[in-house]
1. Just to be sure I understand the filter: pairs with C-beta atoms under 7 Å, separated by 6 or more residues or on different chains, first member in region 11-30 and within 24 Å of Q41 (Cβ to Cβ) and without any contact (Cβ under 8 Å) to a residue 60 or more places away in the chain, second member open to solvent by less than 70 Å² (accessible area, probe 1.4 Å) and assigned to a helix (DSSP H, G or I). Which pairs pass?
2. Could you tell me which numbered condition F164 fails, if it satisfies all but one of (1) over 28 Å from Q41 (Cα atoms); (2) open to solvent by 50 Å² or more (accessible area, probe 1.4 Å)?
3. Can you list residue pairs whose Cβ atoms sit under 6 Å apart, with the first residue in region 113-139 being farther than 17 Å from N163 by Cα and touching a residue at least 24 places away in the same chain (Cβ under 8 Å) and the second being among the polar types (S, T, N, Q) and open to solvent by 30 Å² or more (accessible area, probe 1.4 Å)? Count only pairs 6 or more apart in sequence or on different chains.
4. Which residue is nearest to S52 (Cα to Cα), if the candidates are limited to region 9-18 and must be open to solvent by less than 70 Å² (accessible area, probe 1.4 Å) and out of contact with any Cys (no Cβ under 9 Å at 6 or more places or on another chain)?
Amino acid sequence: MADRGKVFEKELRDSMLNAGMMVERIPDATYWNGHRMVSKQTPADFHAYKASERLVCFMIEAKATSTSRLDFARLEEHQRCALIDFDAFHEDAHGYVAVNFYDKVSIRRGNRCFMVPIAVWDEYEMLGGRKSLALSQCEEDERIVECPRIAGSIFDMEEWIQNF
């Protein structure tokens, strides 16, 4: 069975391309150390760009979960810091966590994508006492945009990118 996180990354990339965005995968930095391959930490999964009246840039980390919650610990500290720094860099630079809530039994039935601004993620994480972001929070918070599935493995990113 395929790694659901990698499948979601591909679906997210294809969805952004379908919406007319430019998307670059941030490659995993690997190198040889002696006789083994070593991986270096990367800040996120994608850089994405939308050009209209101005160029808007995004740094996006994709996370998938088969439960109704995504543990905050799944976003590593160096990723969180990179997204926050990117978001603070310029008014047209935005850091996001793309969250995929899916059903292990029927991927078609329960496969939802939410675009969570890093500031909102951070706010929920800092509330204290919470260890995860709940699906219900994503559904209720107007700052979090759901990108519904429109065809096959494509999510509709239009409502999300209209904000920029």
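1. V23/M16
2. (2) is the only condition that F164 fails.
3. Qualifying pairs under 6 Å: L135/S68.
4. We begin by selecting, within region 9-18, every residue open to solvent by less than 70 Å² (accessible area, probe 1.4 Å); these are 9, 11-12, 14-16.
Narrowing further to those that are out of contact with any Cys (no Cβ under 9 Å at 6 or more places or on another chain): 9, 14, 16.
Values: E9: 25, D14: 20, M16: 15 Å.
Among them, the one singled out is M16.
The values are calculated or read from the model by the stated rules, or taken from the named source; none is laboratory data. A quick note: this is a predicted structure, and the numbers were derived from the prediction, not measured. For neighbour counting, all protein chains shown are included, and Cβ atoms are generated from backbone atoms with ideal geometry for every residue, glycine included. What goes into the accessible areas is simple: the full protein's heavy atoms, side chains included, and nothing from ligands, DNA or RNA. Shrake-Rupley method; radii C 1.70, N 1.55, O 1.52, S 1.80 Å.
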